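One structure is given below, encoded as structure tokens.
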Amino acid sequence: MTIKGRVKADQSAEVPGARDFVSGATDGSKPTARGGVMRGKREQITHTMPPEMLVRLDRRAKALGITRAAYINLALSKALESGV
Amino acid sequence: MKIMVGHTKGGAGKTTLALNLGVTQTLRGRDVWMVDADVQGTLLAALAQRGDRVPPIAAAHYTDGDALLSQMKQSYRYDDVVIDAGGRDSPQLRAGLIAVDVLLVPFQPRNFDLWALEDLGRLVAEAEEIRRRRGDAPLRILGVLNQADTAGQDNDQAMELATQTIPGLQALQVQIRRRKSYNNAAADGLAVPEFKPRDTKAVEEIEALVDVVFTNEWAVK
């Protein structure tokens, strides 16, 4: 038996520009250099947290009138700036 | 012949027309492969409604542009291929623009449908460049008025605007009118020629559309 690696699904690469054209659709998603997925101009990640923290997060975000994601980004950018 | 029913806007009647084209062509004795390239999977769901009805129709569902482009290599097994692309700028729509012979663009004589043609026109231009590099023939682009008005000048004005918006778009003389039989037949996965009670006018419209789409005649206005 021979063990072979999986062939990359890259058949359209035979046509110059075709792959970029197909994956460039606004309704599509392109993998990033890290293998992630872009949603618009943002890279999508999966993140988990303790449920009670999520409850506190949602409560605080609601009080500020912003979305959960916006609050996470806001808090994270402050944390990163302060060198945490 | 490989055709795609496509528009970047939803609600133009793509799935209903794709169903009618594919099934009617099958009834004419052709071996047709129907490809649902919309994530919503409505065409496939409609075909499933056919149950054991004869003749059976081969169908596939691709929600990935690269997969669709790759699988189109299977098209040689069939006389005709009918692709229903979802109403968005999707990878599947773009793959279809590279892979098919004919792009059928249904649009209603309504402003929003016509405005969206500008987006489709840009994609077509990009696809044509790739086709040229591949050595493929240019897309045959056919515009058909769907759910057309029974009176007034909107139909003619809409088609005029469409031909100006998408270079190379050929205006089909046949117009599909708004008829209940299309909706009722589609709910059972049927083309109007199969549907009882028979709607003669709808059948004539679809037969005429199939005639012009699956031939190389340029029956244009």
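Here, each number is a calculation from the coordinates, and none is a lab measurement. Given the structure is predicted, the values throughout are model-derived calculations rather than measurements. Cβ placement follows ideal geometry from the backbone for every residue including glycine, while neighbour counts extend to all protein chains displayed.
Note on residue B:111 and residue A:70: with the Förster distance fixed at 35 Å, the Cβ-Cβ geometry gives a FRET efficiency of about 0.50. Amide hydrogen proximity for residue B:170: with H placed 1.01 Å from N in the peptide plane, the residues at 5 or more positions away or on another chain lying under 5 Å are B:141, B:142, B:143. Rounded to the nearest 20, the size of the Cβ-charge dipole of region A:42-84 about its Cα centre is 180 debye, with Lys and Arg at +1 and Asp and Glu at -1.
Ranking B:138, B:155, B:174 by Cα position along the charge dipole of region B:128-210, where only Lys, Arg, Asp and Glu carry charges on their C-beta atoms, puts B:138 farthest toward the positive end. Please report how far the C-alpha centroid of region B:47-93 lies from that of region B:126-154, rounded to the nearest whole angstrom. Using only Cα atoms, the two centres lie 19 Å from each other. Counts of other chain beta carbons within 10 angstrom of each beta carbon in peptide B:61-67 average 4.
Quick one: work out Rg over Rh on the C-alpha atoms of region B:131-197, Rh as Kirkwood radius. Over the Cα atoms of region B:131-197, Rg/Rh equals 1.12.
Peptides B:6-13, B:76-83, A:54-61 ranked from most to least packed, by the mean per-residue count of other Cβ atoms within 10 Å: B:6-13, B:76-83, A:54-61. Size estimate for region B:68-187 follows the Kirkwood approach: the inverse of mean 1/r over distinct Cα pairs works out to 15.5 Å. Say R0 is 30 Å: what FRET efficiency, to the nearest 0.05, do residue B:79 and residue B:126 get from their beta-carbon distance? Computed FRET efficiency for residue B:79 and residue B:126: 0.55. If you bin all the Cα-Cα distances of region B:1-94 at 10 Å, starting from zero, the percentages per bin are 18, 54, 27, 2. Here the protein assembly as shown is treated with +1 on each Lys and Arg Cβ and -1 on each Asp and Glu Cβ, and its dipole about the Cα centre works out to around 1160 debye. Each eigenvalue of the Cα gyration tensor of the protein assembly as shown, multiplied by 5 and square-rooted, gives one semi-axis; in descending order these are 40, 24, 21 Å.
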